[in-house]
Each structure stands twice: as C-alpha cells, then as structure tokens.
1. Taking segment 375-395 on its own, how many of its residues are surrounded by 10 or more Cβ atoms within 10 Å (Cβ to Cβ) and among the hydrophobic types (A, V, I, L, M, F, W, C)?
2. Identify the residue in segment 197-226 that is in a helix (DSSP H, G or I) and basic (Lys, Arg) and, among all such residues, is surrounded by the fewest Cβ atoms within 10 Å (Cβ to Cβ).
3. Can you pull out every residue in segment 322-373 that is within 18 Å of Phe256 (Cβ to Cβ) and without any contact (Cβ under 8 Å) to a residue 24 or more places away in the chain?
4. Anything in segment 363-396 that is part of a helix (DSSP H, G or I), of a type outside the set (Gly, Ala, Ser) and touching a helix residue (DSSP H, G or I) at 6+ places or on another chain (Cβ under 7 Å)? List them, or say none.
5. Of all residues in segment 51-69 being in a helix (DSSP H, G or I) and touching a helix residue (DSSP H, G or I) at 6+ places or on another chain (Cβ under 8 Å), which is surrounded by the fewest Cβ atoms within 10 Å (Cβ to Cβ)?
6. For Leu360, indicate whether it is among the aliphatic types (A, V, I, L, M), at pLDDT 95 or above, out of contact with any helix residue (DSSP H, G or I) (no Cβ under 6 Å at 6 or more places or on another chain) and within 28 Å of Gly171 (Cβ to Cβ).
7. Could you go through segment 258-270 and let me know if any residue there is buried (at least 22 other Cβ atoms within 10 Å of the Cβ), assigned to a loop (DSSP other than H, G, I, E, B) and at pLDDT 95 or above.
8. Identify the single condition in (1) more than 22 Å from Arg135 (Cα to Cα); (2) in a loop (DSSP other than H, G, I, E, B); (3) acidic (Asp, Glu) that Glu311 does not satisfy, given that it satisfies every other one.
Amino acid sequence: GAHPLHEDFNSFRHSGGEALENHCRFEALRAESATLGISENWHEWPETFKDPRSQAVAQFAETHGEQISFHAFAQWLIARGLERAQVAARSSGMRIGLIADLAVGADGAGSQAWSRQDELLSALTVGAPPDILNRAGQSWGISAFSPDGLKRNGFRAFIEMLRANFAHAGGLRIDHVMGLQRLWVVPQGSPPSEGAYLNFPLDDMLRLLSLESWRHKAIVLGEDLGTVPEGLSEKLSARAILGMRVLLFEQNNGQFKPILDWSDQALATTSTHDLPTLAGWLSELDIEWNARLGHIDEQHEAQWRDERVREYLSLRRALTQNFEELPADSEDPEQIIDASVRYLGHTRAPLVLLPMEDALGVEEQANLPGTIDSHPNWRRRLPGTAASLLDHPHAARRLELLSQSRLQAAERDR
C-alpha cells in the first residue's frame, strides 16, 4: 500500500479543494511564465490564462502535473510544520500556543487575487489617509476584498482565508482590525491622499469570524492602534475580540495610566514590531533613525527629544508608584524594562504579550514604517540561536517576572 505520508499528502490535497488547487496551478503557471512566453504578472497574461476556469489552464494542469504537485507538497509541508509546532507548544503547557497573523490584504499579483478575481479588488491598493504620524498618507501595495464581490460569492474567499489561518493556531491576530469596517483604498499609481474609504459588511464579517473562532476554539485579537471608527470597539468587545494596548501609548496628558485603569477587554504589550523596542525608546534610537533618514527636521527632532524626556520621567514615576516595580532613583534601562514587564503583568489585561526584542532588551526595532530599503526591515538577527533565546539571562528573568506578576494579578482579581 501507499506510504502513510503519501496518504496524508493526498488527503491534504483533497481537503484543500479548489482553493489549494488554484493556488498550485497559479504558482506553476508563474514559474513557467518565461517558458510559456508570458509575463510574470498575471494581469498581463493572455485572457485564456487570466481565467482560472479556462480550457487553457485545465490543459496546462494536465501537462504540468508534477510542477503543480510540487507546490501542493510545499503547502503540505508548511501546514504539517505549523501543526507540529502547535502540538509542541500546547503539550509543553501553553494554553493558546501559536497566534496566527491575518494581514490587511493580499498581494494583487498573487494567487488569491487571480483565483478569486470577483472577490478581490486588485487594481486598488490599501493604505492610510494622511495623519499626524504620516503626513503624506501611506500606501501598502496590497489589495482589499470587494464588498459586493464577497456578498455575491457568499463570502467564500474570506471564509477560506479564515479557515487557513485558524487551522494550526490557538489565536488569530487581525492586523488593522478597522479594516473589517472600512479601508482606505488608493488607485494603483496614485498618491495615498487621492484615496477614499471603502465600507465593508462589518456585521456579516464579524459573524463569520466568531463562527470560525468558535469552531476552531481559538481567541481573536484585533489590532486597533490608530483611528478607530466610532462604535467599533463596542462591537468587537461584544464578540469577545480583544483590542491591543501598548505601554508607550497608555498615557493621558503626559501621565502613564495607573495599573488598574488598563482595559480588561484588550491584551497588553510593551511594544509592537512597528514601534521602537523599550530599550530603543529609552535610548531615543527611533528619533535618531527618523532624523538620519530625513523624516524629520532639526526643529522637530529637538521637540521630539524634549517630549521623550518628559515621557521617560512620567514612565519612571508610574513604575515607582505602582507596586514599587522600580527603585525610585534607578536609571538603568535593564531595570526599567524589568519593571515595565511587571507593570504590564499586574494589569487586568486577559493576555500579556512580551515581544522577543523586549525580553532580550535589544535596541533596534523590527520594522520602521514608511521605509523600504533605507532601514533593514525584518532582517535583524536576534542575539543567539533560536533554541537558546529564552535561556538568555534577560529573557529568562523577564519571563519569570511576567509569570509572577500575572499570578499576583489573578489572585487580586479573583
């Protein structure tokens, strides 16, 4: 009989259905584009190849079975790898384990945009309107779902995407959760300021999200940093979708929030991949980067540094007043990070997230928004091998502090 792995692969392919098959056909077509004499970009393909259901695509699939199987094999390997990681996490005592990350949109030149053309708007790119942080606005180069197309197709592409992301995770983080209600979309090639808001069928999408979350027994986090449309936060918490609260933003009029004022409807975290690490914030490295890259002028830099000193003193005040996390006269960045971890642990947040960068106390941030090549986004190596990162003295100590403070908070709030 067939090898068990072979049987497993075949059943994976079968259960992947049309969505998986279309993805693999697309990847094989794109890989063969030079041989076929067509562009790498499917938008420039001849009409016969543009349609996933065409006779030409079916014939290509018949003659390129091995190439298509290879892409299915790659997907199978990824799925099984994630599954094993999740089983390892759960069996070693993690209650949630992996949290998958749902992007705001898909690549307009990618397989989902090709196979679900009626449900994606691949001639538009998602972004953000001009605001205080980004005066020119932002364009992220990814496509959005079509509200009408989703309704016409029973939300098929949205459901397929949710199921694929929930498949091997105990939680799902939705990047820019405001996108379930509306997205700023820009015609390709136009500046972000010329975009407009596109409204989505929020209630339908929330119902589907709740259903899939319940079916997969997984929590849902909504990244709600930025401008949140009125009424959205209430709708999300009514469906137990947690918001996100970041230490550096949790301040009113220059005062950091007392521990018990933190929301119990949102996860708490020190920082995110788009923000400075705590160590970087303390050493003003983010201001230095922005000045070095010409994002700010000297006057703006001076104002920013003054403001940072005020925020720094305010943070130290909060850390010394709340549970005396920090010795009153301490200016040691490592001690301030330790105290910040305990401070978050003592909040009423149902979940506290400690980024690896802050566990290790590294200064450089993972991603600097608004840059492509001028900052090494997503290319920074962490100190040490993957297997030994949590044994690093800083990380081991901070995980212990977090664990203790969470237990103390649970006792207090019983």
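The values are calculated or read from the model by the stated rules, or taken from the named source; none is laboratory data. Just so you know, these numbers come straight off a predicted model, no measurement behind them. Using ideal geometry, Cβ is built from the backbone for each residue, glycine included, and neighbour counts are taken over all protein chains shown.
1. Residues that pass the stated criteria total 4.
2. This residue is Arg215.
3. Listed by number, the residues that qualify are Glu324, Glu325, Leu326, Pro327, Ala328, Ser330, Glu331, Gln335, Ala339.
4. Leu389, Leu390, His394
5. The selected residue is Gln55.
6. no
7. Checking segment 258-270: at least one residue is buried (at least 22 other Cβ atoms within 10 Å of the Cβ), assigned to a loop (DSSP other than H, G, I, E, B) and at pLDDT 95 or above.
8. Every condition holds for Glu311 apart from (2).
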